[in-house]
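The values are calculated or read from the model by the stated rules, or taken from the named source; none is laboratory data. Bear in mind the structure is a predicted one, so any value in this text is a computation, not a measurement. Ideal geometry is used to build each Cβ from the backbone, glycine not excepted, and the neighbour counts take in all protein chains shown.
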């Protein structure tokens, strides 16, 4: 009989040894890891069976989570190895079989400099209130960026920080700040419930793992309006799309109200991508929108399509345009021209910069 806990340990050791970010277990395929953005199957290992993925699931989650998974057919979870390695996991069904994805969460919370991110992000961590979003596709490093910003607060100020996550990813060690972390389905029923409760917990800083649905978004915006510093993430491509996505989540009768709230409470939106580096590994390219009078007016007046122009012309205020970020990475020899075009949302503008 296969010892799946031991087998899982073996595959995790390979992931760590190869410097991989993710592991995938799928019936009919070899165990597969992602290294520097590219998938790499473990061809020396046997193709996985239905029993294998079920065995891995039992080794990764509690019986309660297994029951929840079988009822809902998918589940997010956190897994920690005996020697302290931490993973964010997702189990799901595909073609009637169980599939599992694991994402390694680094133990060490890295600084903005170590992450190759702009120092201007620290100014948002030092604000006393406002709503700041980090956006981008899945796997673009949003949570890692937020963890670095939360750690700035933790090391510099005495604040009460609350995180609401599904699942908890980075574990914070309280320094100057008091930090409490709540996990959906373990410490609280859901995001909206936890957010409503947060208003009675005397918090200064709130980090919501992901903006899910109008209730979560409305509570987060209200928290920012009422004197809290709020951080969150969203799966969108740029600042303009982010504003539109938030507003479109609400019913037509509520959209003018949320538009007004966003225009006054939004501190900024940071959009990022992780791009293969010529020297190996990944490096971020990014866009930064900073809320000012012009931006607030565009949000209020339903002219979000003009935000890209404000970002392109707002460099003196600290705004960063994605195409400028990409062209700088090319100029420094960090990424190829082909990669820059692949990740640009406006290749015609990029062409003029290269």
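A few comments on the model shown:
- Just one of the listed residues (73, 94) is more than 19 Å from residue 1 (Cβ to Cβ), in contact (Cβ under 8 Å) with a residue 60 or more places away in the chain and over 20 Å from the mean Cα position of the chain (by Cα), and it is 94.
- Residues satisfying the criterion are present in the range 54-74 (criterion: farther than 15 Å from residue 10 by Cα, in contact with a strand residue (DSSP E or B) (Cβ under 6 Å, 6 or more places away or on another chain) and in a strand (DSSP E or B)).
- Residue in the range 11-20 that is surrounded by 14 or more Cβ atoms within 10 Å (Cβ to Cβ) and assigned to a strand (DSSP E or B) present: no
- Looking across the range 313-328, the residues that are in contact with a helix residue (DSSP H, G or I) (Cβ under 7 Å, 6 or more places away or on another chain) and either surrounded by fewer than 14 Cβ atoms within 10 Å (Cβ to Cβ) or in a helix (DSSP H, G or I) (or both) come down to 323, 324, 326, 327.
- Residues of the range 269-289 satisfying the condition of being on the phi > 0 side of the Ramachandran plot and under 19 Å from the mean Cα position of the chain (by Cα): 281
- Any hit, the range 210-228, residues being in contact (Cβ under 8 Å) with a residue 24 or more places away in the chain, within 29 Å of residue 65 (Cβ to Cβ) and in a strand (DSSP E or B): no
- Criterion: touching a helix residue (DSSP H, G or I) at 6+ places or on another chain (Cβ under 9 Å), in the same structural domain as residue 137 (by TED's automatic domain parsing) and at pLDDT 95 or above - qualifying residue of 259, 212: 259
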